[in-house]
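A.B. asks: Before I ask anything, let me first share the structure, which is written out below as structure tokens.
Computed from the coordinates by the stated procedures, all read-outs in this text should not be read as laboratory data. Computed from a predicted structure; not experimentally measured. All Cβ positions, glycine included, derive from the backbone under ideal geometry; neighbour counts span all protein chains shown.
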Amino acid sequence: MSDNVKPSENTPVKGNSLMRDAIRRLGKNKLAVAGGIAIVFFILVALLAPWIAPYRYDAIDLPNQYLSPSWHHPFGTDSLGRDMFSRVIWGSRVSLAIGFVTAAVALAIGVTWGAVAGFAGGKLDQAMMRFADVLYGLPFMFFVILLMVIFGRSFYMLFIGIGAVSWMTLARITRGQIMSLKNNEYVEAARSLGASPFRIVFRHLLPNALGPIIVYVTLTIPGIMLDEAFLSFLGLGVQAPMTSWGLLASDGKNAITSYPWLILFPALTLSVVLFSLNFLGEGLRDALDPSSRNRS
Amino acid sequence: MKILPTALAVFAALSALSCSGGGDKGMAFRYNNGTEPQTLDPAVMTGIPEMRIVQQMFEGLCEYDPKDLHAVPGVAESWSVSPDGLTWTFRLRTNSRWSDGTPVDAETFRWSWLRILSPDTASEYAYELWCIKNAEKFTKKQTNADAVGVIAKDRFTLAVKLAYPVPFFPSLVCHHPFRPTPRQAVDKYGGDQWFKAGKLVANGPFVLTVWKPKDRIVLKKNTNYWDAAKVALDRVEFYPVEDSASALEMYLNGELDGVDGIPSERIDQMKKRPDFLTGPFFGTYYYRFNVKTPTVLTNALVRRALSLSIDRAQICEYIGKLGQKPSLSFTPPLIPGYRPPELVKEDAALAKKLLARAGYPDGKGFPSLTILYNTLEDNRKIAEAIQQMWKKNLGIDVAIENQEWKVYLQKVSSLDYNIARAGWIGDYADPMTFLDMFTADSGNNQSGWASPAYDALLDRAKAEPDAGKRSALMREAETILLTDCPIMPIYTYVRAMMIATNVQGIYDNFLDMHPLKEVRVVR
Amino acid sequence: MLKFLAARFLSTIPTVFIIMTMIFFVIRAVPGGPFDTEKKIPDALKQNIERKYHLDESLPRQYLRWLGDITFRFDLGPSFHYRGWSVNDLIAQSLPVSLLVGTLALLLALVFGLVFGSVSALRQNGFWDYLLMTFSVFGISLPLFLIAPLLILLFARLLHLLPVGGWGGPLNLIIPAVTLALPYTAYVARLTKAGLLDQLRRDYVVTARAKGLPETTILTRHVLRGSLIPVVSFLGPAYAGIVTGSMVVEQICNVPGMGRDFVQAAFNRDYTLIAGVLLVYSLLLVAANFLVDVLYAALDPRIQYR
Amino acid sequence: MENETVLRVSGLRTEFRTDDGILTAVNGVSFDIAAGETLGIVGESGSGKSATCLSVMGLVPSPPGRVVSGSAIFDGRDLLNLPPEELRQLRGKEITMIFQDPMTSLNPFLRISTQLTEHLVLHERIPKKEALERAVEMLRRVGIPEPEKKILRYPHELSGGMRQRVMIAMALLPRPRLVFADEPTTALDVSVQAQILELLRERKAEMGLSLVLVTHNLGVVAGLADRVIVMYAGMIAEDAPVSLLFARPLHPYTRGLLDSLPDPEKPRGNELAGIAGTPPVPIALPDACPFAPRCFRAADVCRAKTPQLETRHDGTRVACWFPLDGGAV
């Protein structure tokens, strides 16, 4: 590779210039920009739901149940005659909030945990990973019930709690990355220059390990959005008649052959969000990656 | 590009192989039972899925008529009751045998009934036999077995002494707790192993051959059954498919001959088909009001206003979809010889007036209440619809809360709710199975409601040997219940199944009991 | 290395013990009990039942009894819901089923995931990359409860190639295994692609090219190992999850596996069965994570366990 | 030293697509290298010296890089137009390369043995065992103690100097005719640098191969190269035998480089003490001498027109409007 295209080939990437560079490079990635715009669009839709939804989420009209899509009801109506379009709009509030809050919490804990364990190695690593194993060993449903006992029905606390118990895979991935990066020369160099371990991990190693982590996070958000439907089933998520994309999709699953729009639109919306997240995630990974600068 | 056709051909061959089903020949009936049965011991079982299987293997003294459920001779050829209604005498047929050849006699029944009553058996349904003299005391270890009113008068005559008259006793003995269990197998294998495949011994038309948990249960024809000549099916297969949508697909794909529990999104499609079978079911869907916790619900005016202001017909038509009938009373109008008081009415204007009289004109100042229901799609839809109807007709806001089944049960039984969804399926064809729920000391009351007058009427009805007078007393009691309104009946249940058109001899009936003895499948 | 393995293995024992203890107490803290029923049964009868299952004893005593039975007799106790079935019986029936479906799904996911991921990485921004990554986004965003019915609709109802549900024949395996494999395939493909892209621009790849090695050799011998590290990280826990069964797929396809055991047990508050399933799950998980650590060391010589 | 020409590069132009536009990394470079000759290519970071080697080797990462024009005749064949498969057959056999950073250029996942032998086995179709024996022998010759043991190690288990010796062994093992050494000592400690250079010299002499030594450090070429090419902004500034270059630099840039030759006592640095400013990024450069902004002799013509590389009577070449010897031809 020509050395003027890659001036900092083997030097660790520093925070500030990295961010500025990343944003600039992200801006050049059309798909990532499109994804970002779509996400912003959905966030706006969620914030403005009361003003843009043509009907309220709980406007029941029994005789008009199961109407197929039309001008009045672009996404059709559901089993209680409610406008699906409006419900998809309202549902974005819950789904987006859950997806992002939970992923952020999981990201913060998982990355820190995995980075520290991977970098420290030895006994501390063993102890930290065994702790993660214990949490793994207890399935999701158990945590949920436990958290409910602790937090009651406090909606957001519950999701912070779920984020707090779904970080283990992230921790493992981070740990794996850090373990294979920590023997690189620049770490030795940084260490010899007297950088603190904290600085080495968070300024030197993590930026270089971000790729797979970001991809994994963009992959977990849909899972979380769907888990929410299960929580609602247990009475822990949203309460009817408020709804979410996960709930709409699981409600529509039996209607594939009879009223396909009940499943089509929620699933489609979820997929669009997913694609957007995905492109944004890939874009971010490429942008944050110090050695992919010349990739267009 | 020859890969695709070849692959398809291999696939088709393989699937033909697997569909031909490994040599199981003969006439078979395959039904989705919906879940894995807890047990096949008639004394310990509790649910409908278990009953579907158990009733094919253990023949009671009397059996349900598959069409109208009246008691027809089973092991008993005939029966009679003493004039005071307290002693029933059953004359058993002499040719009834277990599948291992052991005869079934009066002692078989005496032993079986004492077994279910025994505290060691730990049966949840033992209380159904407490109408028998000293039975309750025996379960509670207050007396010994000999005192219980079940006597084998001679080898094939069974006399039953009751604690109080039960005019429908022959119908009652069709129910599973009264069905016989094979002592020889229980003694040999132990009380919690004898009902496994290879150990179970049956006296009914079919006997267990295969039990693969969560996969299938297969019964085969019992050649030792006294009436085996009338049994057409060689094999009955029960599948525990939990997902009703998949079960329906299996049925539509010819992998099952019958299913129930059609997903509501599919009902409109299925209704049009000739193999769709539906009819009223002996249960009521209703809401309980918590009248104990001090809320507005302690005021009967509020409760009546709430009940008056919902549109049951809409709920039945658009949510139930199976032809459910709006409730006019708490007991379903299905019991021969009992006409329930039709006091459940709808009148939004009157409801508004009542609410105003209670101090909440146009719903102003009405405190926030919550509807509790157990998580199930239809429960949610009904709650959502009712929430909306109350808002529209009364101007009040209620919240909705769903809970998983066991949590819901606990909340309801500890009166930790305002308004709770409920449903009750009668065990036997008599109003008492509904009405005695709401006596002050009933464990099933769970509303905090108590009326001495109501309890007194039911006590009198229980002691009344004359069917007409008994019926009038119960009607009077139900009138009190519906006037005071601790519950809000919504509709009478409907049972719907798909039964393949080549299956003959399955009829819809209001207890959902389907003896398969004379069922045949025409191929 | 051997010493490390032994130490690593021993360290899992307290993990499992802690998991078991937490399970025991947490499930009992959940509202509702195994013998709560809709139709209230008289207290006398309920007491009979509880006595039979030792629920009348104090909690510590129940705990010690349960733990003792497991440790000394490997007896997970009787199911509280399925009368006459021991938890050992039930798991002995359902674990092989879940293992079969899960292992098959995992193999499918691994094979297709690696191939798809490699193709996407090597043809980055090409047609196949977009196609396969679109597929993988769908694989991830479509919930299982949608994939399974769609496959059933297509292969069973329309093409009549496969049965809808049930268990017994090899054809019964296909829909559940494919459904279960789909999201994992997508994950593996993504992680493989990310890992490969990461490795492909390392300097040593240029060295390998300068040696005149063919691209396939570079991919398989030089690059794949390093890019498998994130995949292995992911697969460890995924293995335990996939092998103990997916409740959704098992329910929809009527597969008699452990996922269904768990869900039913949780809803029924079948304490012993829940604990039994969870124990198997944690054992598998601990084993899988153990395997991951060993694999790490095998894949990356720089990772040393001291 | 008149000898047969091994490689003749003419008019080589290599571009990289970047976010900011087309970057011309190599801009019309031509040179010959004779059998047994050591050619030094010197320049700052970004002068196009590495890109020149990679272009000839067919290793320019594509995308974003692309060899636009030119030819590189090796053995009568144009490497730049050879089918990829044939070029691959030459790489690692006839032409090899030593990379700058032995830390990252060795595969951390594979044993030294595998990395040393795989191209031998591939190109020469010899048994693994034989390849191994040769590798051990070569390790011994590049000065690795206990080569039988070391060969079974992984790269991270060796020191930086040892790793570079491994790299050299890797490049020399196939007995190539041409070796590119891209900054072979830059990443190493000063004490190790000298050893490695000495090693290169010895092996080169022994095997009679041609060596292209790419470095930013004139000090490195001084002792090793026969001839030196100085590159600036993708172009050749000066091409002269090493003795002439040191004695009588023609290009002001070369002079600057010589002036800034680091004192061995001081830590090494990339900065040019004698020349202010930094080299331009070669994206859409105007028609002018790219060095003009930093040149103490720059005149109007320097800023108006790019000087051509002129061959002089003694065979040296220089691209400057005002060479330091006053333009004598």
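A.B. asks: Would you work out which of D:Q195, C:L45, B:C62 lies farthest towards the positive end of the dipole of the protein assembly as shown, given +1 charges on the beta-carbon of Lys and Arg and -1 on that of Asp and Glu, about the Cα centre?
C.D. replies: D:Q195
A.B. asks: Is the C-alpha gyration tensor of the range B:307-398 telling us rounded, prolate or oblate? Criteria: a/c under 1.5 is rounded; beyond that, a/b larger than b/c is prolate, otherwise oblate.
C.D. replies: Oblate is the answer for the range B:307-398, as a/c is 1.5 or above yet b/c matches or exceeds a/b.
A.B. asks: Any idea how far apart B:A163 and D:R77 come out in nm if each label point goes 7 Å out from Cα toward Cβ?
C.D. replies: Inter-label distance under the simple model: 10.3 nm.
A.B. asks: A further question follows. Relative contact order for chain B: what percent, with Cα pairs under 8 Å and sequence separation of 6 or more? The partial results should precede the final answer.
C.D. replies: Numbers: 1052 pairs, mean separation 95.8, N = 523.
Rounded, it is 18 percent for chain B.
A.B. asks: Can you tell me the relative contact order of the range B:280-495? Whole percent, Cα pairs under 8 Å, sequence separation 6 or more.
C.D. replies: It comes to 36 percent, rounded to a whole number.
A.B. asks: Any of B:K137/B:K462; B:K140/B:K292; B:K67/B:K325; A:K253/B:K214 with alpha carbons more than 25 Å apart? Name them for me.
C.D. replies: The answer is B:K140/B:K292.
A.B. asks: Under a 5 Å amide H to amide H cut-off, with H placed in plane at 1.01 Å, what residues pair with D:E37 once short-range neighbours are removed?
C.D. replies: When sequence neighbours closer than 5 places are left aside, the close amide H contacts are D:L211.
A.B. asks: I would also like to ask the following. Using a Cα-Cα cut-off of under 22 Å, which lysines could be cross-linked to B:K364, ignoring same-chain neighbours fewer than 8 residues away?
C.D. replies: Hits, sequence-local ones excluded: B:K352, B:K353, B:K391, B:K392.
A.B. asks: Using modelled amide H (1.01 Å from N, peptide plane; none on Pro or chain starts), what sits under 5 Å from the amide H of B:V150, excluding residues fewer than 5 places away?
C.D. replies: Under 5 Å from the amide H of B:V150 lie the amide H atoms of B:K161, each far enough along the sequence or on another chain.
A.B. asks: Compute the acute angle (0 to 90°) between the alpha-carbon long axis of helix C:87-122 and the principal axis of greatest extent of the alpha-carbon atoms of chain C; round to the nearest 10°.
C.D. replies: Here the helix axis deviates by roughly 20 degrees.
A.B. asks: Step through the residues of the range C:217-233 one at a time and calculate ³J(HN,Hα) from phi using the Karplus curve (6.51 cos²θ - 1.76 cosθ + 1.60, θ = phi - 60°), rounding each to whole Hz and writing x for Gly and Pro.
C.D. replies: 5, 4, 5, 6, 8, 9, 9, 4, 4, x, 7, 7, 4, x, 5, 5, 3
A.B. asks: Now a separate question. From the phi angles alone, apply the Karplus equation (6.51, -1.76, 1.60; θ = phi - 60°) to the range C:191-207 and give each ³J(HN,Hα) in whole Hz, x where the residue is Gly or Pro.
C.D. replies: Here the 3J(HN,Hα) series is 5, 4, 4, 4, x, 5, 4, 4, 6, 4, 9, 6, 4, 5, 5, 4, 4 Hz.
A.B. asks: Next question. If the cut-off is 22 Å between C-alpha atoms, which lysines fall inside it for C:K193, apart from same-chain ones fewer than 8 positions away?
C.D. replies: A:K28, A:K30
A.B. asks: Distance from the Cα centre of the range C:239-288 to that of the range B:368-424, in angstrom?
C.D. replies: So the separation of the two Cα centres works out to 31 Å.
A.B. asks: Could you pull out which residues in the range B:90-131 have an amide N less than 16 Å from a spot 7 Å beyond the Cα of B:I151, following the Cα-Cβ vector?
C.D. replies: The answer is B:90-91, B:106-107, B:110-111, whose backbone nitrogens lie closer than 16 Å to the label point.
A.B. asks: Once you put a point 7 Å from the Cα of C:I13 and another 7 Å from the Cα of B:K391, both along the Cβ direction, what distance in nm separates them?
C.D. replies: About 6.1 nm, to one decimal.
A.B. asks: Have a look at D:D239, D:D300, D:D182 and tell me which one the Gaussian network model of chain D (Cα, springs below 10 Å) gives the largest fluctuation.
C.D. replies: With Cα springs under 10 Å in chain D, the top fluctuation among D:D239, D:D300, D:D182 is at D:D300.
A.B. asks: What number, in percent, do you get for the relative contact order of the range C:121-204 if the mean sequence gap of Cα pairs under 8 Å and at least 6 apart is divided by its residue count? Mind dumping the intermediate values first?
C.D. replies: Details: 50 pairs, mean separation 30.9, N = 84.
Relative contact order here is 37 percent.
A.B. asks: Got a sec? Charge dipole of the protein assembly as shown, +1 on Cβ for Lys and Arg, -1 for Asp and Glu; which of A:V45, D:V6, A:P63 is way out at the positive end?
C.D. replies: Going by the Cα projections, it comes out as D:V6.
A.B. asks: Then there is this: Which whole-Hz couplings ³J(HN,Hα) result when phi for each residue of the range B:427-433 is put into the Karplus expression 6.51 cos²θ - 1.76 cosθ + 1.60, θ = phi - 60°, listed in order with x for Gly and Pro?
C.D. replies: 8, 8, 6, 8, x, 4, 5
A.B. asks: Separate question: Rounded to the nearest Å, what's the spacing between the alpha carbon centres of the range D:56-129 and the range D:276-329? Just the number, please.
C.D. replies: Value for the Cα centre distance between the two parts: 34 Å.
A.B. asks: What is the local net charge at A:S244, summed over the other residues whose Cβ is closer than 9 Å to its Cβ (Lys, Arg +1; Asp, Glu -1)?
C.D. replies: Details: positive: A:R93; negative: A:E228.
So the environment of A:S244 carries a net charge of 0.
A.B. asks: So which of D:K129/D:K149; B:K188/C:K46; B:K199/B:K221 end up more than 22 Å apart, counting from Cα to Cα?
C.D. replies: B:K188/C:K46
A.B. asks: Just report the Cα centroid separation between the range B:231-298 and the range B:434-505, whole Å.
C.D. replies: The range B:231-298 and the range B:434-505 have Cα centres spaced 23 Å from each other.
A.B. asks: Tell me which residues come under 5 Å, amide H to amide H, from D:T18 once H is placed; ignore anything under 5 positions away on its chain.
C.D. replies: Answer set, sorted by chain and number: D:L23.
A.B. asks: Report, in listed order, any pair from B:K230/C:K39; B:K272/B:K381; B:K141/B:K161 with a Cα-Cα distance greater than 26 Å.
C.D. replies: Result: B:K230/C:K39 exceed 26 Å.
A.B. asks: Another question about this same structure. Please report, ordered by residue number, every helix of chain D (full DSSP H runs) that is 24 Å or longer along its axis going by C-alpha atoms and whose mean Kyte-Doolittle hydropathy reaches -1.0.
C.D. replies: Within chain D the helices that satisfy the rule are D:190-207.
A.B. asks: Based on Cβ point charges of +1 for Lys and Arg and -1 for Asp and Glu, what charge dipole magnitude is obtained for the protein assembly as shown about its Cα centre, in debye rounded to the nearest 20?
C.D. replies: Details: 149 positive and 136 negative charges, 122 e Å.
Result for the protein assembly as shown is approximately 580 debye, rounded to the nearest 20.
A.B. asks: At a 4.7 angstrom Cβ threshold, list every cysteine in chain D that has nobody to pair with, or say none.
C.D. replies: D:C53, D:C295, D:C320
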